[in-house]
Amino acid sequence: MKDMPTPPQPASQAALRPRRRWLGRLARVLLLILVIGAGLFAAIVYRTRNNPPFVTALKLIQADPQLGEHLGTPIRDTRWLPSGAYPEQFNLRVEGPKGAADVSVRARQLEGAWVIAAADAVVLNGATRLSLDTGAGGGPDDAPSWSPPGGGEGQGKGGDGPASPEVRLEMPEGPPGVNIQLPDSLPDMNIQMPSIPAPPKP
């Protein structure tokens, strides 16, 4: 039995095959880009949410009694990432059973550890503004003032407190056998400037 010849295909079907292959490749490339982008975003979110400034700020917010009274507990954050100039200054949106609030956080590094210098919350229902208790994470203006050793009560001369003890410094003497004497006054110096002749008359 002889093989039957393949009937010729219409020109339209032959032209569609390269287009379908091109569309399939484009779909695979777009899917790959989407998967890579989603992976990068997930890595950034994971790294930020496990970073000390974010973790410290969220713990402070969740433990604040004022905010807990207005929002109820538990308090959780509602955004993937904080907004603002993270990690020094950033904003969080948090919510509880009673409502939501925007929290502005200012953080800084102190001796290698991140501390919260200031945290202000605005409760969205009623626009109540709260300053959260940051504990030991005071700002740079809240640093304790320096006090001298021995109680810090001495004011020196002219102060109200007792005067500080007088400090005397003794300089060591020069090497033996060397005696340097300076004259009491410099000798008189007489410097005469030459006279300048008058310009010729025209």
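Condition test on R108, is it among the charged types (D, E, K, R), outside any loop (DSSP other than H, G, I, E, B), surrounded by 14 or more Cβ atoms within 10 Å (Cβ to Cβ) and at pLDDT 85 or above? Answer is yes for this residue. Residues that are in contact (Cβ under 8 Å) with a residue 40 or more places away in the chain and among the β-branched types (V, I, T): does segment 90-109 have at least one? Among the residues of segment 90-109, at least one is in contact (Cβ under 8 Å) with a residue 40 or more places away in the chain and among the β-branched types (V, I, T), which makes the answer yes.
No other residue among P175, P140, P144 is touching a strand residue (DSSP E or B) at 6+ places or on another chain (Cβ under 8 Å) and either over 28 Å from Y46 (Cα atoms) or at pLDDT below 60 (or both) apart from P140.
Among the residues examined, A101 qualifies as surrounded by 13 or more Cβ atoms within 10 Å (Cβ to Cβ), within 17 Å of R129 (Cβ to Cβ) and of a type outside the set (S, T, N, Q). Scanning segment 114-137 for residues being modelled with pLDDT under 85 and in a strand (DSSP E or B) gives a total of 1. Can you report the number of residues in segment 46-55 which are buried (at least 19 other Cβ atoms within 10 Å of the Cβ) and either in contact (Cβ under 8 Å) with a residue 40 or more places away in the chain or farther than 19 Å from G96 by Cα (or both)? Result for segment 46-55: 1.
Suppose we keep only residues that are without any contact (Cβ under 8 Å) to a residue 40 or more places away in the chain, of a type in the set (A, V, I, L, M, F, W, C) and touching a strand residue (DSSP E or B) at 6+ places or on another chain (Cβ under 7 Å) within segment 56-89. Which one would you say is farthest from Q109 (Cα to Cα)? Per the criteria, the residue is I75.
The values are calculated or read from the model by the stated rules, or taken from the named source; none is laboratory data. This is a predicted model, so every value here is computed, not measured. Counting neighbours? That spans all protein chains shown, and the Cβs are built from the backbone with ideal geometry, glycine included.
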